[in-house]
Structure formats: structure tokens, C-alpha cells
Amino acid sequence: GDFGDAYHWSNFSLDGFHTSDGTPKPSWNELREVSAPVFASLAKNGISGMNTLDFTDLRNIKLDWKIFYGEKIGHSGTEVIDYIPAHGKKHIPIDLSCNDTDEFCFADFVFTDGDKEIGRKSFVLKEAESKTAANRAFDYEIKNTSENSFSIITSDMCMDFRGGMLAG
């Protein structure tokens, strides 16, 4: 090996990525994201797919996408990306509109090569427009009452801060 150790057939260590029983930790998903061979970003009228590999072209990659309106699928589809050169980008035209709803809207993209998932990305496309009881509780107004004092006012309470401390 690189550190003077004898050649061996020992198990590969995934310390920090899995628990002792093999259950993946959240850091495993982070590693999967940063080492994925394909990366997606929002672009005008679709997404931009980028090949993150140094020397290998991506060929015949399948992209399954879904646009969710709240918890329901608004529209979905499948695209076959024929070719992205190493470190290259390709625009993939997809209708990302969420005009049919005022609910929370997000997109989920899954890239596969054969039966193997090689990348996944999600984007928030639209925040919810109508206020529900859950987010109405967070409506507040901040008033500066002096240089070192301010108040936070909601429909059912008021908190005063003076000199950085909560005041009666």
C-alpha cells in the first residue's frame, strides 16, 4: 500500500458513512451527491446536465423527472440523454412550470445508466402562495423602538428586546 503496509485482502472501511450494522448515515448521501458522475442545475426552459467525470463521456443516460404540486405529481416524463462529453454540459428542455397550482411545487430528477442510479437532484420551483394555519403562526412584524431596542409583534403576542436582552 501507500503507507508501507503489506498487501492484504482486508475489508474496505466506510468509517463515518455507515453504522456498525451497515445502516447508511446522512453523510453517505452527501458523498453520493458530490461523487455523482452527473450534476443537474436549473436553466432557462429546463435543466442543465453536467458530466463531472474527467475522461469518460456519458452516453445514453436516462433522466426520469417529476414535478410535484404539494404531494401530488403534476406532470412527469423520461428523457434519454444521448451524449455529454467529459466535463461537458447539455441543456435538457423540460416544462418546469407550476402555473396550475398555488401549492408548494418542486421537481425531482433521477439519472440512471442502465439499472444503476448515478445521480439525483431536487429543486424547489415555487413556494406555497396561500397561507395555511401552520405558517400564519409565523407572521410577525418587527418595530425598531430605539437604537438598541426593538419589538416583535404577532397577532397574539409582543416581545420587547432592549440591549439584546428580552425585556418584560
Counted residues, region 51-82 - those being aliphatic (A, V, I, L, M) and either surrounded by 17 or more Cβ atoms within 10 Å (Cβ to Cβ) or closer than 12 Å to Asp95 by Cα (or both) | 5
Failed condition for Val124, given (1) in a loop (DSSP other than H, G, I, E, B); (2) exposed (fewer than 15 other Cβ atoms within 10 Å of the Cβ); (3) modelled with pLDDT of 75 or more; (4) not small (Gly, Ala, Ser) = (1)
Hey, among Gly114, Gly168, Gly164, which residue is more than 21 Å from the chain's Cα centre (by Cα), at pLDDT below 80, open to solvent by less than 70 Å² (accessible area, probe 1.4 Å) and farther than 22 Å from Phe68 by Cα?
-> Gly164
Hey, Asp102 hits all of (1) touching a residue at least 60 places away in the same chain (Cβ under 8 Å); (2) farther than 16 Å from Asp64 by Cβ but one; which does it fall short on?
-> (1)
Filtered residue count, region 24-50, keeping only those that are farther than 18 Å from Phe123 by Cβ and loosely packed, with under 12 Cβ neighbours inside 10 Å = 2
Check whether at least one residue in region 70-84 is among the small types (Gly, Ala, Ser), at pLDDT below 90 and not in a loop (DSSP other than H, G, I, E, B), and report yes or no.
-> yes
Pick from Asn51, Asn60, Asn29, Asn11: which is over 16 Å from the mean Cα position of the chain (by Cα) and modelled with pLDDT under 90?
-> Asn11
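The values are calculated or read from the model by the stated rules, or taken from the named source; none is laboratory data. Keep in mind that this is a model prediction, so the values were computed, not measured. Every residue, glycine as well, gets a Cβ built from its backbone with ideal geometry; the counts of neighbours run over all protein chains shown. Surface areas here come from the heavy atoms of the whole protein model, side chains and all, with no ligands, DNA or RNA. Shrake-Rupley method; radii C 1.70, N 1.55, O 1.52, S 1.80 Å.
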